[in-house]
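Q: I am attaching a structure below and will ask some questions about it afterwards.
Just so it is clear, none of the values below were taken in a lab; they were calculated from the coordinates. Values in this document were obtained by computation on a predicted structure and should not be read as measured data.
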Amino acid sequence: MDGKIIKRAGILIWLISVCLLGGHLALASDIMSAPVDSPILAVKPVTVEFFNEPGCEECAMVNDQVLPELEQRYSGYYVLARQDLGVMTNYLRLVSYQKKLGEVNAPVYMVLDGRKIFSGFKDIKANLFAAMDQMVAGQMESPPATVITPAISPNMPAIRTGQSATWWHTISCSCCRW
């Protein structure tokens, strides 16, 4: 019985090593076959933070209308980070962006690389793609905003299910004194 297990483990290790080696060889052949005059670009993807809440109508509109177009236009050039505003750390991250980038309240937000914020469906739909063009082309020169998410204290009330993070912030927040 032990001999069969050892034999199977050996075969598994051999298969994994062949797969890994094959992937490296395929990558090396792609690089070696690239024309001399076409540079191989290492592009850092743009981080797109999508701040939303379940049940939010504008959030659903962004999800259904903007995200598919974003994927179609910029596939491979961005990383999407969905941030649920019902999670306190995500909410505090958004508040920090708002303070640094100067935005007002809206039900949905998108932040590009910590440099540019869009508030609400109309702003996102109208301005996101032009900003993505600039970010992908490397034309945005301002450094990203430094965002510090404050630690949640045990005295800070939790957001109840169905209760908006914006409501909690305007009524109960003592951490950021907005």
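Q: Please report the Cα spread of the stretch 54-113 along all three principal axes, rounded to whole Å, starting with the longest.
A: Rounded to whole Å, the extents work out to 31, 26, 19 Å.
Q: Give me, ordered by chain and number, the residues 5 or more places off Y78 or on other chains with an amide H under 5 Å from its own placed amide H.
A: V46
Q: At 0.36 nm per residue, and after removing the present C-alpha to C-alpha distance, how many nm does the segment from A137 to K125 gain when stretched out fully?
A: Gain on stretching A137 to K125: 2.3 nm.
Q: Another question about this same structure. Report the extension gain between V87 and S75 in nm, rounded to one decimal, defined as 0.36 nm multiplied by the number of residues separating them, less their alpha carbon distance.
A: Additional length available on full extension: 1.6 nm.
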